[in-house]
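Student: Following this message is one structure expressed as structure tokens.
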Amino acid sequence: MSRTVYVNGEYLPEEEARVSVFDRGFLFADGVYEVTSVLDGKLVDFDGHAKRLERSLGELEMANPVTRDELLEIHRELVTRNAITEGMVYLQITRGAADRDFAFPVDATPTIVLFTQSMPLIEKPTAKTGIKIVSIPDLRWGRRDIKTVQLLYPSMGKMVAKKAGADDAWMVQDDFVTEGTSNNAWIVSGNRIVTRHLGTEILHGITRAAVLRMAREVQMTVEERPFSLAEAKAADEAFVTSASAFVMPVVEIDGQPVGQGTPGPLSRRLREIYIDEMRAAAI
Ligand code: PLP
């Protein structure tokens, strides 16, 4: 069945949706995006995603074509029209269409596109088995804190993982893990939970922020600092966080089992807490 998508103020069947060939998102990856998950037909951490979107746009001096209230309304309308109970809403804003020029156009109207994807998020088989990771060098640009649509390197990383029989890749810079191709990376050593500190080297994950808060609320010890690949391989547990994976255990890194090679107790507990709290707070 055809989905209803949103393009520049209109709700359209997906076959009728159009964006210009001159759109700078297409020509220059001059655009930003957000992915908000849907549980029980409601939006998870919408405010967090809306705030980060505003920040990404600001960092790129890109105009925001919608207010936060309008954005919420569009998200909800798409969830309803496409009868999404579990899945996600994808949003992309680009600088718009203009004659091809490296310099930003002065008067382009931003392009805004949203669509939904229905998929199971809670009952994923990998939540029970955990995922396997390979390490790759982090060859991305230096402003990874801006959620741009330049996703070719992460996409190549995912292919490296697939070819190696793994599920995902962790990127490594100067021996330290930055993050996963589309998630933040965490390890657990003893009773300490470690995830890289915020900076321009990683995306400021909305799920990361929520999990940090929840871990502290239940008196877990959390450290925001860089950790090396060697430290990760020697850790008791590892996991990743993202809007669509929630908290996902990692059971293998570069062919070596992490801990017992099965999802660890803290990772499982944090996943449960995250799902329970986010379900209750979804709007
Ligand atoms: N890091 C990268 C590179 C990502 O692409 C993503 C999500 O797409 C994340 C981290 C996790 O961010 P969030 O929890 O906001 O989904």
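Student: Can you tell me which residue within the stretch 234-259, out of those that are assigned to a loop (DSSP other than H, G, I, E, B) and either touching an Asp or Glu at 6+ places or on another chain (Cβ under 9 Å) or under 29 Å from residue 46 (Cα atoms) (or both), is nearest to the ligand (Cβ to nearest atom)?
Tutor: 243
Student: Are any residues in the stretch 53-70 in a helix (DSSP H, G or I) and either among the aromatic types (Phe, Trp, Tyr) or touching a helix residue (DSSP H, G or I) at 6+ places or on another chain (Cβ under 6 Å) (or both), and if so, which ones?
Tutor: 68
Student: Any idea which of (1) surrounded by 19 or more Cβ atoms within 10 Å (Cβ to Cβ); (2) hydrophobic (A, V, I, L, M, F, W, C); (3) within 11 Å of the ligand (Cβ to nearest atom) is the one residue 209 doesn't satisfy?
Tutor: Going through (1) surrounded by 19 or more Cβ atoms within 10 Å (Cβ to Cβ); (2) hydrophobic (A, V, I, L, M, F, W, C); (3) within 11 Å of the ligand (Cβ to nearest atom) one by one, residue 209 breaks only (1).
Student: Something else: Among the candidates 188, 222, which residue alone is touching a helix residue (DSSP H, G or I) at 6+ places or on another chain (Cβ under 7 Å), in contact (Cβ under 8 Å) with a residue 60 or more places away in the chain and not assigned by TED's automatic domain parsing to the domain that holds residue 27?
Tutor: Among 188, 222, only 188 is touching a helix residue (DSSP H, G or I) at 6+ places or on another chain (Cβ under 7 Å), in contact (Cβ under 8 Å) with a residue 60 or more places away in the chain and not assigned by TED's automatic domain parsing to the domain that holds residue 27.
Student: I've got another one for you. Could you give every pair whose Cβ atoms fall below 6 Å, whose first residue belongs to the stretch 138-163 and is within 17 Å of residue 56 (Cα to Cα), and whose second residue is among the charged types (D, E, K, R) and in a helix (DSSP H, G or I), counting only separations of at least 6 or pairs across chains?
Tutor: Final answer for the pair search is 146/59.
Student: List the number of the failed condition for residue 179; all other conditions in (1) over 16 Å from residue 229 (Cα atoms); (2) within 12 Å of the ligand (Cβ to nearest atom) hold.
Tutor: Only one criterion is unmet by residue 179, namely (1).
Student: Pairs under 8 Å by beta carbon, first residue farther than 16 Å from residue 130 by Cβ and touching a residue at least 60 places away in the same chain (Cβ under 8 Å) in the stretch 226-245, partner within 16 Å of the ligand (Cβ to nearest atom) and of a type in the set (Asp, Glu), six or more apart or different chains?
Tutor: Between residues of the stretch 226-245 that are farther than 16 Å from residue 130 by Cβ and touching a residue at least 60 places away in the same chain (Cβ under 8 Å) and residues that are within 16 Å of the ligand (Cβ to nearest atom) and of a type in the set (Asp, Glu), the close pairs are 243/45.
Student: Could you list, in sequence order, all residues of the stretch 212-221 that are charged (D, E, K, R) and more than 16 Å from the ligand (Cβ to nearest atom)?
Tutor: 216, 217
Student: Then there is this: When you go through (1) of a type outside the set (Gly, Ala, Ser); (2) within 25 Å of residue 132 (Cβ to Cβ); (3) near the ligand (Cβ under 8 Å from one of its atoms) one by one for residue 187, which number turns out not to apply?
Tutor: (3)
Student: I'd like to verify a number: residues in the stretch 29-53 that are of a type in the set (Asp, Glu) and more than 14 Å from the ligand (Cβ to nearest atom), how many?
Tutor: Qualifying residue count, the stretch 29-53: 2.
Student: Can you work out which of the residues in the stretch 264-277 that are surrounded by 18 or more Cβ atoms within 10 Å (Cβ to Cβ) and in contact with a helix residue (DSSP H, G or I) (Cβ under 7 Å, 6 or more places away or on another chain) is farthest from residue 73 (Cα to Cα)?
Tutor: Only one residue tops the list, namely 270.
Student: So which of 224, 231, 201 ends up being of a type in the set (Asp, Glu), closer than 15 Å to residue 176 by Cα, within 15 Å of the ligand (Cβ to nearest atom) and surrounded by 14 or more Cβ atoms within 10 Å (Cβ to Cβ)?
Tutor: After ruling out the rest, the residue left standing is 201.
The values are calculated or read from the model by the stated rules, or taken from the named source; none is laboratory data. Because the structure is a prediction, the values reported are computed rather than measured. Cβ: placed from backbone, ideal geometry, glycine included. Neighbour counts: every protein chain shown.
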